[in-house]
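Heads up, the thing below is written out as structure tokens.
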């Protein structure tokens, strides 16, 4: 049995296929979703989502949004999403370093909030790459 997963951003569908299992990063922690999961509507945090398809795990960086699980359908609406395979590791590392520097230098409430969001986004992209590399190494 499978789940039908659809991941959408405001301007494109990032993923639309059946999956066997997934792990979502919600505002209250990670949750696993398997076929026949109870209906659920949850806010998603900036972080990674792991997707198992044909016994292989894929990772995606999601930049906050919502997920709805109902009747083996998972619909994810996010501001931005990137599959780990499409992220340039060098660019992601440089973006992360810049985000760390900007967060350390941020002054005032608004700057700190904006720098923290940029840091969380950059960290999620790196975590997506790392999770994909570690799952490839374990296979």
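Points worth noting:
- Filter result for residue 9 (in contact (Cβ under 8 Å) with a residue 40 or more places away in the chain, surrounded by 11 or more Cβ atoms within 10 Å (Cβ to Cβ) and not assigned by TED's automatic domain parsing to the domain that holds residue 125): yes
A quick yes/no check of all residues on (1) within 13 Å of the chain's Cα centre (by Cα); (2) within 22 Å of residue 3 (Cα to Cα):
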{"residue": "66", "(1), (2)": "yes, yes"}
{"residue": "75", "(1), (2)": "no, yes"}
{"residue": "103", "(1), (2)": "no, no"}
{"residue": "110", "(1), (2)": "no, no"}
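- The set of residues in segment 88-105 that are in contact with a helix residue (DSSP H, G or I) (Cβ under 6 Å, 6 or more places away or on another chain) and within 11 Å of residue 126 (Cβ to Cβ) comprises 89, 92, 95, 96, 99.
The values are calculated or read from the model by the stated rules, or taken from the named source; none is laboratory data. Keep in mind the model is a prediction, meaning the values are calculated, not measured. Please note: Cβ atoms are built from the backbone with ideal geometry, for glycine as well, and neighbour counts cover all protein chains shown.
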